[in-house]
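Visitor: My questions all concern the structure below.
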Amino acid sequence: MTVPVRLLIVDDHPVVRDGLRGMFTGDPGFEVVGEAGDGAEALALAANLTPDVVLMDLRMPGMDGVTAIGRLTRSGSAANVLVLTTYDTDADVLPAIEAGATGYLLKDAPREELVRAVRAAARGESVLSPAVAGRLMGRLRAPVEEPLSQRELEVLTLVARGSSNREAAAQLFISEATVKTHLLHVYAKLGVNDRAAAVAAAYDRGLLTPGGR
């Protein structure tokens, strides 16, 4: 039997937490191990409960989500953070990703999309909502199509060969968080929102070739 994904829900609105808890508690593939109303509480619970995924709001009283994400990342926590927020401005998206968030979804995402994103986050895979992918693409792309960097191509090549983020990090002698950041840049430049679409787009554009790059 598949081990359920251990989930910590962080949001300052009790009604939102209740709704998310009800959604995931009804699915045997998930176990809600805790809830927090701000970033400081989230850090304490993450240290004690060892969740696989932290579903993190951004704008909260006290310690905000970006600060909490950064501290979780620096602490060496094995939990992957999936941002779930109402906001998709540059001032929200970019700091969260730079702090170490694995993915970024908006609260109007369909239930099925959210469930898939949490499962992907548990595997260490990066997922962006279409609106966020488009915003990043607009921020990162020049008026002409911006090419992938050498390192981004190396990461994408390993992903195309089936490597996980952790395996790619080990092969390239970089951190797993750095691999995630490179992938998010790849998504933005290619105009996609997940690793499978990135690989497909790279083959379509001739950036990757069967048996090579």
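Visitor: Residues that are closer than 27 Å to residue 91 by Cα and of a type in the set (S, T, N, Q): find the helices (runs of 4 or more DSSP H) completely inside the stretch 4-80 holding 2 or more of those.
Guide: 65-75
Visitor: Considering only the stretch 116-134, I want to know if a residue exists there that is at pLDDT 90 or above, in a helix (DSSP H, G or I) and in contact with a helix residue (DSSP H, G or I) (Cβ under 8 Å, 6 or more places away or on another chain).
Guide: Yes; the residues of the stretch 116-134 include at least one that is at pLDDT 90 or above, in a helix (DSSP H, G or I) and in contact with a helix residue (DSSP H, G or I) (Cβ under 8 Å, 6 or more places away or on another chain).
Visitor: Next question, about the same structure. Could you say which residue among 172, 156, 184 is at pLDDT 90 or above and closer than 23 Å to residue 93 by Cβ?
Guide: Every option except 156 fails the conditions.
Visitor: Considering the stretch 71-101 alone, what residues qualify as being closer than 17 Å to residue 182 by Cα and open to solvent by less than 50 Å² (accessible area, probe 1.4 Å)?
Guide: Kept after step one, since they are closer than 17 Å to residue 182 by Cα, are these residues of the stretch 71-101: 73, 80-82, 93-101.
Selection gives 80, 81, 82, 93, 94, 95, 96, 97, 99, 100, 101.
A quick yes/no check of all residues on (1) of a type in the set (Phe, Trp, Tyr); (2) in contact with a Ser or Thr (Cβ under 7 Å, 6 or more places away or on another chain); (3) under 27 Å from residue 186 (Cβ atoms); (4) at pLDDT below 90:
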residue: 5; (1), (2), (3), (4): no, no, yes, no
residue: 30; (1), (2), (3), (4): yes, no, no, no
residue: 37; (1), (2), (3), (4): no, no, no, no
residue: 42; (1), (2), (3), (4): no, no, no, no
residue: 66; (1), (2), (3), (4): no, no, yes, no
residue: 69; (1), (2), (3), (4): no, no, yes, no
residue: 80; (1), (2), (3), (4): no, yes, yes, no
residue: 84; (1), (2), (3), (4): no, no, yes, no
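Visitor: Residues of the stretch 15-36 being within 20 Å of the chain's Cα centre (by Cα) and small (Gly, Ala, Ser), which ones?
Guide: 29, 34, 36
Visitor: Would you pick out the residues in the stretch 172-213 that are in a helix (DSSP H, G or I) and loosely packed, with under 14 Cβ neighbours inside 10 Å?
Guide: Filtering the stretch 172-213 for residues in a helix (DSSP H, G or I) gives 172, 176-190, 195-204.
Residues satisfying the conditions are 196, 203, 204.
The values are calculated or read from the model by the stated rules, or taken from the named source; none is laboratory data. It should be emphasised that the depicted structure is a prediction, and the values quoted were computed from it without experimental measurement. Note: ideal-geometry Cβ built from the backbone for every residue, glycine included; neighbour counts use all protein chains shown. Side chains are part of the model used for accessible areas, which takes the heavy atoms of the whole protein and leaves out ligands, DNA and RNA. Shrake-Rupley method; radii C 1.70, N 1.55, O 1.52, S 1.80 Å.
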